[in-house]
Amino acid sequence: MSDFIDGYIARRFNSESIYGKYLDPVCDKIFTIVGILLISYYYNYPIQILYLIVVREFLGVIIGTFLFFKRGFQGEPNIFGKLGVVLVNINIAFYILAKAINLNQDSYLFLFPAELLVIVYLVGMLTYLNSYYNDFREFARRGT
């Protein structure tokens, strides 16, 4: 919620900055990693999915930082990135609730939120890669 409010205030009062646009997704990634680590440790979140998410988030920060500081290139957020952040919050709440109600860990329902998050993350990653590829092609075509 604070992420949404922060973005809304920045846009509303024209106080957006390049560094704010860079730091916002970095903070989202930190929140994601910490949240998923905590539910993995305390609430039996699937460890394989934890590894996939952590690798994806670290790669996103490393590649995004390189592109931002070395190439002056900043990717634009897309619906899958925003949906991923929402699904991380849903996963955290779901796994805390699943432990509270003693949901059977072998049931499909126990894995569904994590699997949905993985699908959204993978589609989002492909969308970002396609976007970066198209932007770089345009960048190379212009020669700037």
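The values are calculated or read from the model by the stated rules, or taken from the named source; none is laboratory data. Note that the structure is a prediction, hence the values are computed from the model and not measured. With ideal geometry, Cβ positions are generated from the backbone for all residues, glycine too; neighbour counts draw on all protein chains shown.
For the stretch 95-117, does any single residue satisfy the condition of being assigned to a helix (DSSP H, G or I) and of a type in the set (S, T, N, Q)? No; the residues of the stretch 95-117 include none that is assigned to a helix (DSSP H, G or I) and of a type in the set (S, T, N, Q). How many of the residues making up the stretch 31-68 are in contact (Cβ under 8 Å) with a residue 12 or more places away in the chain, out of contact with any Ser or Thr (no Cβ under 6 Å at 6 or more places or on another chain) and either surrounded by 13 or more Cβ atoms within 10 Å (Cβ to Cβ) or not in a helix (DSSP H, G or I) (or both)? The number of residues fulfilling the criteria is 22. The set of residues in the stretch 135-144 being surrounded by 11 or more Cβ atoms within 10 Å (Cβ to Cβ) and of a type outside the set (D, E, K, R) consists of F136, F139. Among the residues of the stretch 79-89, none qualifies, meaning not one is farther than 13 Å from T32 by Cα and at pLDDT below 80. If R11 meets every condition in (1) loosely packed, with under 14 Cβ neighbours inside 10 Å; (2) charged (D, E, K, R); (3) within 16 Å of V88 (Cβ to Cβ) apart from one, which number is that one? Failed condition: (3). Does Y132 qualify as being of a type in the set (F, W, Y) and either in contact with a His (Cβ under 6 Å, 6 or more places away or on another chain) or surrounded by fewer than 17 Cβ atoms within 10 Å (Cβ to Cβ) (or both)? So Y132 passes the test.
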